[in-house]
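The values are calculated or read from the model by the stated rules, or taken from the named source; none is laboratory data. If you're wondering where the values come from, they're calculated on a predicted model, not measured in any experiment. So basically every Cβ, Gly included, is an ideal-geometry build from the backbone, and we count neighbours across all protein chains shown.
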Amino acid sequence: MNQALFEKLSKILVPIAGKLNNSRYLQVLRDAFMLAFPLTIFGSIAVVIANLPFLDKVMSENSLNTLKEMLGVAPNATMGVMTIFVVFGIGYYLSKSYEVEGVFGGAIALASFLLLTPFVLQVEGKEAVQGVIPLDRLGAKGMFLGMITAFTAGEIYRKVVQKNITIKMPAGVPPAVAKSFAALIPAVVTLTFFLVVNIIVTQIFKTNMHDVIYNAVQAPLVGLGSGIIATMIAIFVTQILWFFGLHGQIIINSVMDPIWNTLSLENLNAYTKTGEVPHVVSKQFIEIYTVGMGGTGMTLAVIFAILLFMKSKQMKQVAKLGLGPGIFNVNEPIIFGLPVVMNPLVIVPWILAPMVVTLVTYLAMSSGLVPPPNGVAVPWTVPIFINGIMATNSLAGGLLQVVNFLIVLVIWFPFLKFIDRMNLQKEREEGQDAAKSAS
């Protein structure tokens, strides 16, 4: 890379990435989604068990339907209401970041979200059922409203607390009681705000905030994020940030996770009901077919290329150190040991390989050759091939990863060979110098 261009990019990208990485709201959003992670894994396990491809061969149709009915409560109670966990998490972590009581911040955020949620179920051709919340309002369809509400509620709550507009109890009162009274006025102020908003929207405009945010914000963003162009841009920026030593995955995921997770929830809802998957791009598409192949940049193929075809002692040592972690998608030994960071010799394959693989994967899935991920959450440390099968419930998902693995290896090979020759020349010179010193 031209040195002048390198310096210009560094001056532009590093400050922007640093601000994003240190953003209070993006950090809170990331932590809130991680709060829901173990719950979604549990729901995913139930979905996987209920949809094992061989069950229809060993069980009768009635037995299989009974099994699915029994296990169906697990995804509904976890992934199906994921917005609840995210809303509580945002309120909790945002409050903690301001050093105010986190539990009350989470509870107030959740109550604020419910104040904006219509307690009515509309069934086509039937009379509306009052006093119930449609499950989709607490899942994919309510995700963006939930995030906006939680951040707003958290900010109102903490500002009232920090202005010291609270009820103070005598010193002898138990701490739990004192905290409850301290949160009373901030809670009333915050919830009153959202109650007034709900009254205005429902009584004057004859709609609800769920539909307003979904139609004006969520649907357009999700539509944009589900396309290959936006996905390729996200992959490109991730790779560029990592090249400059910044954790591109955390930075980009903080921005894109609301969209990708919403797509995953929609996939899961459709898959459990109809067996169809509406979106190719989702959280699992990104994790399994980019990070899930040896870490960011798909460097497991790089490790195998070095071990099988390169001769440099230095490169082989790095590859041996990176092999164990790389199998479980941890690739810092390669990123900083090869190195990838600030190494102009590898910037082309580092950026090109993930983008080519992402495009190949998208085309294979959108054409129907390979089923897209169905929304089941797979831990990011599950090794290649296994995670592809788990995410798609199909052997084809794992075989596609093998093809992608070979694509990465082919793209990287000439660049690794060039570096290998340079290292071999350097090692020979160092050996000659050592021999001369010894004589």
Point to revise | Condition broken by residue 342, with the remaining ones in (1) outside any helix (DSSP H, G or I); (2) modelled with pLDDT of 90 or more satisfied | key: (2)
Check your understanding: Applying the selection to the stretch 68-86, what residues are part of a helix (DSSP H, G or I) and more than 16 Å from the chain's Cα centre (by Cα)?
Key -> 68, 69, 70, 71, 73, 74, 75, 76, 77, 80, 81, 84
Check your understanding: Tell me, which residue of the stretch 23-78 that is free of Cβ contacts under 8 Å to residues at least 60 places away in the same chain and hydroxyl-bearing (Ser, Thr, Tyr) is surrounded by the most Cβ atoms within 10 Å (Cβ to Cβ)?
Key -> 78
Check your understanding: Going by the conditions given, is residue 354 in the same structural domain as residue 303 (by TED's automatic domain parsing) and outside any helix (DSSP H, G or I)?
Key -> no
Revision key, fill the gap. Filter the stretch 112-151 for residues that are closer than 24 Å to residue 91 by Cα and basic (Lys, Arg); the one that is surrounded by the most Cβ atoms within 10 Å (Cβ to Cβ) is 137
Practice item. From (1) over 13 Å from residue 289 (Cβ atoms); (2) part of a helix (DSSP H, G or I), pick out the condition that doesn't hold for residue 374. Key: (2)
Practice item. For the stretch 140-159, state whether one or more residues are under 21 Å from residue 200 (Cβ atoms) and not in a helix (DSSP H, G or I). Key: no
